[in-house]
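Input: a single structure, listed below in structure tokens.
What follows draws every value from the coordinates through simple rules; no lab data is involved. Quantities reported herein were computed from a predicted structural model and do not represent experimental measurements. Note that we place each Cβ from the backbone using ideal geometry, even for glycine, and neighbour counts take in every protein chain shown.
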Ligand SMILES: Nc1ncnc2c1ncn2[C@@H]1O[C@H](COP(=O)(O)OP(=O)(O)O)[C@@H](O)[C@H]1O
Ligand SMILES: [Mg+2]
């Protein structure tokens, strides 16, 4: 494997084919990921679909620790970034370097929202770690499913056993939602902000149009 630090000449090609999907639990991310990958494949792309935290053996083990055990917000954040680095080195960067596309269920914007805003660590601390773990590397396109936490909660009510994060009080999820919206407002070119209360078919159409525009922009 070549150098894992993306130099300036490598940032754009890598990030351009990296698409992330964000939003609180129950907002609708999983409902659209397969369709996003299919749309890209229809344009001839090879697509890797993955998720964070996880996506590697070490990452899934960290995900288990993370979801099953209480810990300090700093520990939580460091674990997420350890899993992220492993995921980038083993899955995401190699795929992008092969010219493939990667669609990822959550990335660093989630850490900014959950740990930075939800846990109150502050976005700056999370961004400092991001600068260490993936300097200069960001998705070029991020779909943010925005939904009121009380609506999201009713959607996931049928799921068996809420995990440690899902079980947090509503105030936590409000802060997470706000954290995502602050991020989206700061980077309007990267974010596609979606009203996740709309019907799935309407969202699918909006996402498809945005993807087609993105494909045209990056020349794929
Ligand atoms: N736009 C929507 N309107 C109504 N229900 C939805 C919508 N999108 C998803 N759902 C439903 O909400 C639940 C959570 O969706 P999911 O895609 O699993 O969310 P996430 O992956 O963000 O946690 C699922 O039961 C799904 O069928
Ligand atoms: Mg999901």
Q: Divide, for the range 92-220, the radius of gyration over alpha carbons by 2.2 N^0.38 Å, where N is the residue count.
A: 1.15
Q) How much length is gained if the chain between residue 159 and residue 69 is pulled fully straight, taking 0.36 nm per residue apart and subtracting their Cα-Cα distance, in nm to one decimal? A) 30.4 nm
Q: Return the tail of the calculated pair distribution for the chain, meaning the percent of Cα-Cα pairs more than 23 Å apart.
A: 45
Q | GNM result for the chain, Cα springs below 10 Å: residue of 128, 113, 95 fluctuating most strongly | A | 128
Q. Can you tell which of 120, 179, 59 shows the greatest fluctuation in a Gaussian network model of the chain with Cα springs below 10 Å?
A. 120
Q. Equivalent-ellipsoid semi-axes (√(5λ), Cα gyration tensor) for the range 39-116, whole Å, largest first?
A. 26, 12, 10
Q. What is the range 9-218's relative contact order, in percent, from Cα pairs under 8 angstrom and six or more apart in sequence?
A. 31
Q. In nm², what is the average projected area of the convex hull enclosing the Cα atoms of the range 156-220?
A. 6.3
Q.
Over the chain, with a Gaussian network built from C-alpha contacts below 10 Å, which listed residue (90, 125, 159) shows the highest mean-square fluctuation?
A. 159
Q) Among 16-22, 68-74, 141-147, how do they line up from the highest to the lowest mean number of other beta-carbon atoms within 10 Å? A) 16-22, 141-147, 68-74
Q) Quick one: Kirkwood hydrodynamic radius for the range 136-186, alpha-carbon pairs, angstrom, one decimal? A) 12.6
